[in-house]
1. Which condition number in (1) within 14 Å of chain B (Cβ to nearest Cβ); (2) in contact with a Phe, Trp or Tyr (Cβ under 6 Å, 6 or more places away or on another chain); (3) crowded, with 17+ Cβ neighbours inside 10 Å is the one that A:Val61 fails?
2. Hey, can you tell me all the residues within the range B:70-85 that are under 17 Å from B:Val32 (Cα atoms) and in a strand (DSSP E or B)?
3. Considering only the range B:73-96, I want to know if a residue exists there that is within 14 Å of chain A (Cβ to nearest Cβ), in contact with a Phe, Trp or Tyr (Cβ under 6 Å, 6 or more places away or on another chain) and closer than 16 Å to B:Ser213 by Cβ.
4. Here are some residues: B:Leu59, B:Leu107, B:Leu67, B:Leu22. Which one is buried (at least 19 other Cβ atoms within 10 Å of the Cβ), more than 9 Å from chain A (Cβ to nearest Cβ) and either in a loop (DSSP other than H, G, I, E, B) or without any contact (Cβ under 8 Å) to a residue 60 or more places away in the chain (or both)?
5. Which residues, taken from the range A:95-113, are at pLDDT 90 or above and within 23 Å of the chain's Cα centre (by Cα)?
6. B:Asp193: more than 12 Å from chain A (Cβ to nearest Cβ) and either charged (D, E, K, R) or surrounded by 23 or more Cβ atoms within 10 Å (Cβ to Cβ) (or both), yes or no?
7. Does A:Ile54 satisfy the condition of being surrounded by 22 or more Cβ atoms within 10 Å (Cβ to Cβ) and more than 25 Å from A:Ala353 (Cβ to Cβ)?
8. Which condition breaks for A:Ser3 when tested against (1) away from chain B (no Cβ under 14 Å); (2) touching a residue at least 12 places away in the same chain (Cβ under 8 Å); (3) surrounded by fewer than 21 Cβ atoms within 10 Å (Cβ to Cβ); (4) in contact with a Phe, Trp or Tyr (Cβ under 7 Å, 6 or more places away or on another chain)?
Amino acid sequence: MHSFATIIGLAQKSLRNRASTALLTILSIAISLALLVGVERIRSEARGSFANTISGTDLIVGARGGDINLLLYSVFRIGNATNNVSWESYQDIASQNAVEWSIPISLGDSHRGFRVMGTNTDYFRYYSFGNKRKLEFAQGRPFAEVFDTVLGADVAAELGYALGDSIVIAHGAGSTSFLNHDDKPFTVTGILKKTGTPVDRTVHVSLEGIEAIHIDWQSGARVPGQSTSAERALQMDLQPAAITAFLLGLKSRIATFSLLREINEYPQEPLLAIIPGVTLQQLWELLGVVEIALLVVSICVVIAGLIGMLTSILTSLNERRREMAILRAVGARPWHLLLLLISESTLLAALGALLGMAVVVGATALSANMLEQRFGIFVAVRWPNAFEWLIAGIVVLAAAVVSLWPAWRAYRNALADGLTIRT
Amino acid sequence: MSDAALKSASERAAAVVQIRNLVYAWPNQDPVIVIPELNLARGEKVFLAGPSGSGKSTLLGLVGGVLMASAGEIIINEQPLGEMSAAARDRYRSDHVGFVFQLFNLLPYLSVIENVTLTCRFSTRRAERALQQSNSIEQEAERLLHHLGITAELMRRRVTELSIGQQQRVAAARALIGAPELLIADEPTSALDHDLRKRFIDLLLSECEAANSAVLFVSHDVSLGPLFDRQIALAEINEAAASLEPNYA
């Protein structure tokens, strides 16, 4: 019968009549759902992008320190190394029989907030990410000269650089630095394609370039009165004495563990080797607690949102007994009143869910850049996926189920009150 | 057969409401209603004087089909309520009975017209009967409202912006739309000024006359009694009234 439609229509009008409380309820559901979906989104995206950052590398070697720290600074460009690896040790290990390729990494400088990484051209040949994808050039070619540089896709896009542009590297990793290597500018010779990894936010130069700009520097400061021109620097021996870390690809994976042990017990220098996959796993276990805590907190917030809705419905119930009696008098059946209250809360939750999804999309659009810059998490700006809609659906369903309580009370009241209007 | 007996028999045949040996008691309590007999003829306008404690609300709940008699029977339009299911009683109520309460008869979130036509949304019969009078249910609502002195300007207002007297007239229009056989008015004038009371009752009764609806008008204000066809004191016909607590509502 059309009484069903009548009840839904009444629910709409009744909500519009209580617009301010209805809006607050919608808002609280929207915010709680946005938090839940947002946390879930960051969680899954972070896991995806972390796992995709590096592949094909069998060992990462750095100065002795924490496993996770080494992974963070060498791959994610987060944090700093506490010590360096000597060039001799690097050469010694890289020339071992089991090693197929090696990539040296030298960190410590920056360009307008983007980390500068010194390496060699093997980086462009061997480094891979995601499903064994190699780095590709959008424009240009690898660096060939000492003062050539290759930019990650985001660096070029955000700073508006093109091939042939000249850039100055700053000393230290901060986004603003008063110590610039402005006497030795670099020329952009290549721009990489977007990878969705920290590579996009990296300025790549040769190890010799890193060495050249530090000729007149000692202990992180310029030596007063000493100035070596770029031309003269090119004449000098630019072999570095030390690097920050290096990546190793082995001929056979079977050799991984024996080489790992060998490096960790390296007699000449305290070194640390890690297997990227294993350390990524450790990192996740570490973050897993935070992850679960965040999820639990956001579920609690959703529950609080639903309790808030329940409270507002329950408190309105007494003043609405009159309304129920009127509806009964004009022929509404008790289950009509049940339906009225359930459809009101379902409507509130559905509107809240839609608003919450809009908040999630809006918030990711606004914060994607910040998450990428500050935490290296690449959160794609996209419409909610099936799983996120499922979460929203569950919240709406939960609202309907929760409202059974006040609805049942209204039903019982209606039976007890009959047509008597109790005020 | 005496004249009086004949009259009584013909009244019964045309009766809208017939009450026989009605007893009602709340669970585990003494009866609050014991009424051996009460009849309302078709179109008859009855004033039921009921002070607090006479079992007035309970009686209206019973006639409205919301409460079930403990014993005896209530027959509306030759249909015994006791034999109906709860669903059938709800349908009967929306099809055959209109209610006007003491106060706050209207849903604040509906317009004046929507409040009046609400009845027709729950009762197909009332909707059909409204359409016999006018081209649309809304037009019939406007016609009734107009007769009850609600101007087109008032019809466009929010119901909460109407005076109590205006609200009661809108409630009367809702009770009367689709010409129900019975209109139950429970103290509908107690919130009105004395002058307004008489005017409201005159309007109500003339519309009931037009719809041929019987009226059961309940009030403690006996001065209104002479406006009706018949006056009954509930305390006199309800044999349980004497034993009730004085403050029982």
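The values are calculated or read from the model by the stated rules, or taken from the named source; none is laboratory data. Because the structure is a prediction, the values reported are computed rather than measured. All Cβ positions, even for glycine, are placed from backbone atoms using ideal geometry, and neighbour counts span all protein chains on display.
1. For A:Val61, the failing item is (1).
2. B:Ala71, B:Gly72, B:Glu73, B:Ile74
3. Yes, there is a match, as at least one residue in the range B:73-96 is within 14 Å of chain A (Cβ to nearest Cβ), in contact with a Phe, Trp or Tyr (Cβ under 6 Å, 6 or more places away or on another chain) and closer than 16 Å to B:Ser213 by Cβ.
4. Testing whether each residue is buried (at least 19 other Cβ atoms within 10 Å of the Cβ), more than 9 Å from chain A (Cβ to nearest Cβ) and either in a loop (DSSP other than H, G, I, E, B) or without any contact (Cβ under 8 Å) to a residue 60 or more places away in the chain (or both) leaves just B:Leu22.
5. The answer is A:Leu107, and nothing else.
6. For B:Asp193, the condition - more than 12 Å from chain A (Cβ to nearest Cβ) and either charged (D, E, K, R) or surrounded by 23 or more Cβ atoms within 10 Å (Cβ to Cβ) (or both) - is met.
7. yes
8. Evaluating A:Ser3 over (1) away from chain B (no Cβ under 14 Å); (2) touching a residue at least 12 places away in the same chain (Cβ under 8 Å); (3) surrounded by fewer than 21 Cβ atoms within 10 Å (Cβ to Cβ); (4) in contact with a Phe, Trp or Tyr (Cβ under 7 Å, 6 or more places away or on another chain) leaves (1) as the failure.
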